[in-house]
1. Only one of A:Leu34, A:Leu6, A:Leu15, A:Leu38 is out of contact with any Leu (no Cβ under 8 Å at 6 or more places or on another chain) and either within 27 Å of A:Leu63 (Cβ to Cβ) or of a type in the set (Ser, Thr, Tyr) (or both). Can you tell me which?
2. Considering only the range A:124-137, state which residues are hydroxyl-bearing (Ser, Thr, Tyr) and either part of a loop (DSSP other than H, G, I, E, B) or touching a Cys at 6+ places or on another chain (Cβ under 8 Å) (or both).
3. Does the range B:181-192 contain at least one residue that is surrounded by fewer than 20 Cβ atoms within 10 Å (Cβ to Cβ), assigned to a loop (DSSP other than H, G, I, E, B) and at pLDDT 95 or above?
4. Taking the conditions exactly as written (hydrophobic (A, V, I, L, M, F, W, C), out of contact with any His (no Cβ under 7 Å at 6 or more places or on another chain), farther than 23 Å from A:Tyr53 by Cα and surrounded by fewer than 21 Cβ atoms within 10 Å (Cβ to Cβ)), does A:Leu90 satisfy them or not?
5. For the range B:8-20, check the following and say yes or no: at least one residue is surrounded by 23 or more Cβ atoms within 10 Å (Cβ to Cβ), of a type in the set (Val, Ile, Thr), over 20 Å from the mean Cα position of the chain (by Cα) and under 19 Å from B:Gly154 (Cβ atoms).
6. Within the range B:270-278, does at least one residue satisfy the condition of being within 20 Å of the chain's Cα centre (by Cα), at pLDDT below 85, in a loop (DSSP other than H, G, I, E, B) and within 8 Å of chain A (Cβ to nearest Cβ)?
7. Anything in the range A:109-133 that is within 14 Å of chain B (Cβ to nearest Cβ) and touching a Leu at 6+ places or on another chain (Cβ under 8 Å)? List them, or say none.
8. Restricting to strands (runs of 3 or more DSSP E) lying wholly in the range A:144-215: which have 2 or more residues that are of a type outside the set (D, E, K, R), open to solvent by less than 40 Å² (accessible area, probe 1.4 Å) and within 13 Å of chain B (Cβ to nearest Cβ)?
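The values are calculated or read from the model by the stated rules, or taken from the named source; none is laboratory data. Note that the coordinates shown come from a computational prediction; the quantities given were computed from them, not determined experimentally. FYI the Cβ positions are ideal-geometry reconstructions off the backbone, even for glycines, and counts take in every protein chain you see. What goes into the accessible areas is simple: the full protein's heavy atoms, side chains included, and nothing from ligands, DNA or RNA. Shrake-Rupley method; radii C 1.70, N 1.55, O 1.52, S 1.80 Å.
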Amino acid sequence: MTQAPLFRPVAEHGLLVEFGDRLEEATHAAVLRLDQALAADPFPGFAEAIPAYVNLLVRFDPLVTDHVRVAAHLQALLRQPAGAAQAGALRTVDVVYDGPDLAEVAALSGLTTGQVIATHLSGAYRVALYGFAPGYAYLSGLPDPIRLPRKEAAIRGVPAGSVIIAAGQCIVTTLTMPTGWWIIGHSPTPILDPNGPRPFLFDVGDRVQFRQVTA
Amino acid sequence: MAVNVISPGLSTTVQDLGRPGYYHLGIPLSGGMDRFALRAANMLVGNDEGAAVLEAVFMGPELEFTEAATVAVAGGELPPKLNGDDRPTWEAFPVKPGDRLTFGFLKSGARAYIAVSGGIDVPVKLGSRSTYTLGALGGHEGRALKAGDSLPLGKGIPGKGAIPANLRRQPGNPAELRMLPGLYWHRITAAAGKQFFADTWKVAPEADRIGYRFKGGTALEFVPREQPFGAGSNPSNIVDACYPYGSIQVPGGTEPIVLHRDAVSGGGYMMLGCVISADMDLIGQLQPHSPARFVEVTMDQALAARHDRQAALAALRSHLGR
């Protein structure tokens, strides 16, 4: 069960609603519920809301409203009965399992590389949030046997389209960026197309299934 | 109506007041690093304050105009020259077809805003003309300008006037960056917190539109704790969270990074606090190696500073008769 959230004034233009400090499914669900309720019923001066795993950042114009009034509005939303959770669309993402870290992931997990691939394919993933950079959809649901902490140091210049895992999460990268996550493969599926009619393949809440391809 | 780019300078991009509303998808605000100067330059040439301008970093471009227009340069002291003759900063001046605008060496600050009457009329992407180079989004083809680019101009009624020195905003020496201690302030020891404000930091060479890194201060000492599930192993790690603009991360506890207009929207580093909005413009005018201090303020002081900045903009409008 999630405890009552804490309201933290983190900037003069922002209030962070913190539902917990541990990565848990119920906590994240509470974040998304408040995000949806706020989208349906914003307050005067509302700018935008950014969901993360355990907290929701609510940005506003402090010349129109203030932290106390924003918190009161959010409290009222939290008292509303929870709507039915939406199932989310199912998206299929192709993966070529040729990542430079595949062997090390196998060694650290006590598995063969074939077992790492099978385990990764078996996961029921959900788009938990976007973060870090455009199109970086954090997928929750990485199976336990390949759950590893981040690497000690980040690697620079990891190409766009890399399939990376760490801390129970998976991301298909959309830009060439540094990462401290484990690179297990790459995906030919386009995730981000900022100039197209639909800039992002995923919506938060979508389910994702990986499919192995060879090239 | 167009501006032709003869040479691009070091990194010149099209910017306006940014692209709010997409941060939850990882797309940051972008827009001018020094929004005060961007607004001032637009006011001088008679544009809407949020019209698209050119943001030049450290070094000016060379531009050629195909039509008559009015130009103003505000922000960092990057001295304009029209066909080789000096022109003032913070003042509107006319250009004729065929005129060439070049710049002398940067005297102070870091970024100059070059406004042209009518505004730079590149296509609007996700509600803004700002360039977000990391995401190849907006601006001119999603990138910094190159020689040979031709930028369309909108139609406008040229303004005129000048902004006197007492109405401009520039960082002090050392720059004083006011901040609200944040969510994870309790994670460092009281002595480390005191030292953080006592130290004079220097802008690191890794200072750009994504974030400004500072070095030369004392490494932070953390209060010991057991890391929560889902967070990385370094005491500066947290469960991935969203980062407000202006938030200060200290990866590994050594060098603070203030996230700026092209911020990454979230990640797994704790935020020590948040630089107040009124002082984000000043960061945009800091050169590498320039000194800066962090100054603790309360929420009331932060809001008062925001009102002060609004008043400073109102003073500009009133001075220019807008």
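1. Details: A:Leu34 fails: out of contact with any Leu (no Cβ under 8 Å at 6 or more places or on another chain); A:Leu15 fails: out of contact with any Leu (no Cβ under 8 Å at 6 or more places or on another chain); A:Leu38 fails: out of contact with any Leu (no Cβ under 8 Å at 6 or more places or on another chain).
Residue meeting the stated conditions: A:Leu6.
2. Result: A:Tyr125, A:Tyr136.
3. No; the residues of the range B:181-192 include none that is surrounded by fewer than 20 Cβ atoms within 10 Å (Cβ to Cβ), assigned to a loop (DSSP other than H, G, I, E, B) and at pLDDT 95 or above.
4. Details: hydrophobic (A, V, I, L, M, F, W, C): yes; out of contact with any His (no Cβ under 7 Å at 6 or more places or on another chain): yes; farther than 23 Å from A:Tyr53 by Cα: no; surrounded by fewer than 21 Cβ atoms within 10 Å (Cβ to Cβ): yes.
No.
5. No: zero hits.
6. The answer is no; no qualifying residue exists.
7. Going through the range A:109-133, the residues within 14 Å of chain B (Cβ to nearest Cβ) turn out to be A:127-133.
Within the range A:109-133, A:Val127, A:Ala128, A:Tyr130, A:Ala133 qualify.
8. Numbers: elements: A:155-158, A:162-166, A:169-172, A:177-179, A:182-186, A:207-212.
Per the criteria, A:169-172, A:177-179.
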